[in-house]
Amino acid sequence: LALEERLGESLNEVEHALQKYEAGTYGLCDSCGQAIEQARLEAIPQASLCLSCKAQQAKETKGAR
């Protein structure tokens, strides 16, 4: 079940990236609007947050536990 859930999340991330591509906003952070680092996009093409925003999200998630 956990694997199925993670695969569903991955599919949603890829679909979101494709929607951003079609809208002309691929490569821009969903949170701050700044460009996502090229190396990050090469490693994780479906990334929707820049490293700073992703780190902040992880910090907030960790603090909420």
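Residues are listed down the side, and each one gets a yes or a no for (1) open to solvent by 70 Å² or more (accessible area, probe 1.4 Å); (2) touching a strand residue (DSSP E or B) at 6+ places or on another chain (Cβ under 8 Å):
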{"site": "R6", "(1), (2)": "yes, no"}
{"site": "N12", "(1), (2)": "yes, no"}
{"site": "G27", "(1), (2)": "no, yes"}
{"site": "Q34", "(1), (2)": "yes, yes"}
{"site": "Q38", "(1), (2)": "yes, no"}
{"site": "E42", "(1), (2)": "yes, no"}
{"site": "P45", "(1), (2)": "no, no"}
{"site": "S52", "(1), (2)": "yes, no"}
{"site": "E60", "(1), (2)": "yes, no"}
Original post:
For T25, which of the numbered conditions (1) part of a loop (DSSP other than H, G, I, E, B); (2) within 12 Å of the chain's Cα centre (by Cα) fails to hold?
Top reply: (2)
Original post:
Right, Q19: assigned to a helix (DSSP H, G or I) and among the polar types (S, T, N, Q) or not?
Top reply: yes
Subject >> First in the stretch 17-39 and without any contact (Cβ under 8 Å) to a residue 24 or more places away in the chain, second anywhere and among the charged types (D, E, K, R) and surrounded by 13 or more Cβ atoms within 10 Å (Cβ to Cβ), Cβ under 6 Å, 6 or more apart >> reply: Y26/K20
**OP:** Go through the stretch 31-65 and give me each residue that's assigned to a loop (DSSP other than H, G, I, E, B), out of contact with any helix residue (DSSP H, G or I) (no Cβ under 8 Å at 6 or more places or on another chain) and within 18 Å of N12 (Cα to Cα).
**Re:** I44
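The values are calculated or read from the model by the stated rules, or taken from the named source; none is laboratory data. Because the structure is predicted, anything quoted here is derived from the model rather than measured. All Cβ positions, glycine included, derive from the backbone under ideal geometry; neighbour counts span all protein chains shown. Each accessible area value is taken on the protein alone, full model and side chains, heavy atoms only, with ligands, DNA and RNA left out. Shrake-Rupley method; radii C 1.70, N 1.55, O 1.52, S 1.80 Å.
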